[in-house]
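Mind looking over this structure? Questions follow.
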Amino acid sequence: MHIPENYLSPVTCGVMTVAMVPVWAHAIKKVKVELPKEKLPLVGVGAAFSFLAMMFNVPLVGGTTGHAVGGTLIALLFGPNAACLAVSVALLLQAVIFGDGGILAFGANCFNMAFILPYVGYAIYSMIVKRFGSEKASVHYIAAAIGSYIGINVAAFAAAVEFGVQPLLFKDSLGNALYCPYDLSVSIPAMMIPHLAVAGFVEAIFTVVVFAFVRKTAPDLLFENIKTGATEAKSHIPVFALIAVLVAATPLGLLATGTAWGEWGSDEIADVVTNGSALGYTPSGLENGWSLDVIMPDYAMEGMNEVVAYILSAIIGVALLVIIFKLASLLVKEKKVSNVA
Amino acid sequence: MLPNWLTTTEAYEPPKGGGTFAIKTMRSFGHMMGRLQFQQGHEKRHALPALVKFFLLVLAIVFLSWTHQLVALLAYAAVLLLYLSTWPPQDIWKVLRGALIAVVFSGILLAPAMMLRPEGIPNNLQLVCKVFLTVMMVSIFNHTTQWNHITGALRKLHVPGVVIFTLDLTLKYIVILGRFIYDVLTSYSLRAVGNHRKKYKSVGGVMGITFIRGANMSQEMYEAMRCRGFTDDYRGL
């Protein structure tokens with residue numbers, strides 16, 4: 001679901017980034033109130049979960065690949081505002097270091113995965129929990145599954161719309177699209193069918209499994225408990241152990257070999273077959289657009305063992321996220337634990 | 001009863017100017033010097049000997065600069081960042097601050113090349129990464145090793161005793177003289193309320209006093225060391 005560089009016009013990127021600014025400002029303001037200072041470094045752990053989830057590519061129908069995002073999961077752990085920040089930072093790392101998602105398209109990617117996804121997922125989760133009572137654990141798990149499934153699909157829909165409006169708005173004199181060449185009638189089914197059929201379930205399973213694990217081993221990390229200040233801090237070793245296991249397992253994401261829909265390189269796109277006919281040209285915006293040769297395109301480098309590169313990327317990503325949120329906690333002033341009623 | 005002259009409000013504002021800048025700068029400079037704490041690395045109890053660490057550091061830096069294998073770069077980054085992520089936030093910031101400044105600086109130097117993208121030069125951040133990792137390694141070493149252990153390691157490398165002696169004393173006396181300047185200027189500003197016209201004149205005085213004090217201290221210390229049997233052979237603290 002990462003929109004790469006030059007698939008969206010610079011204008012669209014600008015609009016999406018401007019749209020994200022108030023969201024980020026709101027999230028930062030809220031997080032300062034909602035989360036006690038000592039919990040802030042742990043948001044980095046949440047971001048690490050999201051980062052790792054996005055590295056597990058699963059093959060989808062139609063030869064493309066997709067992945068979970070984990071935005072709803074972080075929203076369940078630290079609240080939707082912290083989730084917004086966590087996923088944004090994870091996306092920034094992916095864009096700058098690993099070339100997953102464009103730097104210009106960062107705002108759009110954040111809009112889909114860091115704004116729509118966690119807020120929708122969390123809203124649905126809390127709606128269901130409120131409706132059916134919060135005593136039973138199963139209600140929480142089912143709510144988490146439904147929330148995350150709907151969350152990722154709404155986000156995928158938003159991405160599809162962003163792709164789909166490009167050919168309607170930006171064309172050259174020959175009528176060839178400048179940026180993403182597929183309009184809404186292609187992009188929406190192409191994004192939605194795989195996500196409704198597979199990626200949504202992957203996201204739901206990932207969310208529920210990790211949510212259940214954290215609920216059992218470290219209940220003080222859950223947003224519902226942070227809000228009320230109900231539980232004592234416990235050792236978080238099991239959580240870190242889970243992260244280590246996920247890091248070691250990331251090479252499984254390599255088994256899915258296809259390129260995700262809408263994430264082709266400029267050398268690939270001319271041969272992509274849609275409705276029985278290849279596109280036949282490379283949109284000029286894609287061919288000549290600005291892009292940064294990041295250090296590790298697609299989590300690997302030339303002449304390198306992919307598995308090693310993937311594991312090392314995962315370690316770097318996780319460590320950076322933990323460090324970033326630890327540093328962020330320095331900026332927040334010490335305060336009493338506030339119970340947000 | 002308060003006397004009348006105590007109850008009236010006075011509106012006395014000393015006119016600005018006259019060397020305040022120099023005084024303030026010196027004072028904050030002295031304050032910073034006094035706060036430098038070279039002796040406070042957070043060394044663990046079972047840390048590697050400083051000499052071994054020093055060798056490893058030099059080896060690691062040489063290898064990092066020499067290698068063209070990106071996987072090595074990646075492994076370096078993974079190990080260092082993972083290690084760093086277990087530290088408390090304040091210490092992480094101390095280490096990263098230096099590394100980030102170096103990154104910004106080298107980034108500015110490389111920016112034209114990255115924008116213009118000449119043929120044959122990869123538009124990536126490999127060099128910036130190397131700078132980042134190198135500076136980070138050095139500051140991790142600095143942070144986890146007490147200063148006297150570092151000079152001890154230098155001694156074992158047969159760096160002449162006089163050099164190490166000078167280094168040790170310099171580091172100690174930067175702190176002591178910094179505190180001294182700060183104290184002198186604090187007492188000056190407390191006594192000089194309203195005496196505003198020729199503040200710059202006192203700058204020379206403060207520096208002079210500091211110098212005389214420094215000279216006296218060195219003389220006293222030399223005598224104290226002779227009394228304790230110093231034979232001009234220095235082995236580190």
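The values are calculated or read from the model by the stated rules, or taken from the named source; none is laboratory data. Since this is a predicted model, take the numbers as computed values, not measurements. Positions of Cβ are backbone-derived with ideal geometry, glycine not excepted, and every protein chain shown enters the neighbour counts.
Report yes if A:Phe213 is more than 19 Å from the chain's Cα centre (by Cα), assigned to a helix (DSSP H, G or I), within 14 Å of another protein chain (Cβ to nearest Cβ) and modelled with pLDDT of 75 or more, otherwise no.
no
Right, another one. Of all residues in region B:174-210, which are modelled with pLDDT of 80 or more and of a type in the set (Lys, Arg)?
B:Arg179
Of everything in region B:117-173 that's within 14 Å of chain A (Cβ to nearest Cβ) and farther than 26 Å from B:Leu56 by Cβ, which residue is modelled with the lowest pLDDT?
Filtering first and then ranking leaves B:Asn123.
Which pairs turn up if I take residues in region B:60-87 that are more than 20 Å from A:Ile311 (Cβ to Cβ) and more than 10 Å from chain A (Cβ to nearest Cβ) and look for partners that are of a type in the set (D, E, K, R) and not in a helix (DSSP H, G or I) with beta carbon separation below 7 Å, at least 6 apart in sequence or on another chain?
none
Considering (1) buried (at least 16 other Cβ atoms within 10 Å of the Cβ); (2) out of contact with any helix residue (DSSP H, G or I) (no Cβ under 9 Å at 6 or more places or on another chain); (3) modelled with pLDDT under 75; (4) aliphatic (A, V, I, L, M), say which one A:Leu174 fails and leave the rest.
Of everything listed in (1) buried (at least 16 other Cβ atoms within 10 Å of the Cβ); (2) out of contact with any helix residue (DSSP H, G or I) (no Cβ under 9 Å at 6 or more places or on another chain); (3) modelled with pLDDT under 75; (4) aliphatic (A, V, I, L, M), A:Leu174 misses just condition (1).
What about B:Leu109, is it in a helix (DSSP H, G or I) and more than 9 Å from chain A (Cβ to nearest Cβ)?
yes
Can you name the condition, by its number, that A:Ala105 falls short on among (1) surrounded by 23 or more Cβ atoms within 10 Å (Cβ to Cβ); (2) modelled with pLDDT of 85 or more; (3) of a type in the set (Gly, Ala, Ser)?
(2)
Out of all the residues in region A:67-76, is one or more of a type outside the set (A, V, I, L, M) and closer than 21 Å to A:Ile311 by Cα?
yes
Given the conditions (1) in the same structural domain as B:Leu133 (by TED's automatic domain parsing); (2) under 30 Å from B:Leu157 (Cβ atoms); (3) within 20 Å of the chain's Cα centre (by Cα), and given that B:Leu57 satisfies all but one, which numbered condition is not satisfied?
All conditions pass for B:Leu57, except number (1).
Moving on to the next point. If you go through region A:108-129, how many residues are among the polar types (S, T, N, Q) and surrounded by fewer than 24 Cβ atoms within 10 Å (Cβ to Cβ)?
Selection size over region A:108-129: 1.
For region A:35-42, check the following and say yes or no: at least one residue is under 19 Å from A:Leu85 (Cα atoms), within 14 Å of another protein chain (Cβ to nearest Cβ) and hydrophobic (A, V, I, L, M, F, W, C).
Taking every residue of region A:35-42 in turn, at least one turns out to be under 19 Å from A:Leu85 (Cα atoms), within 14 Å of another protein chain (Cβ to nearest Cβ) and hydrophobic (A, V, I, L, M, F, W, C).
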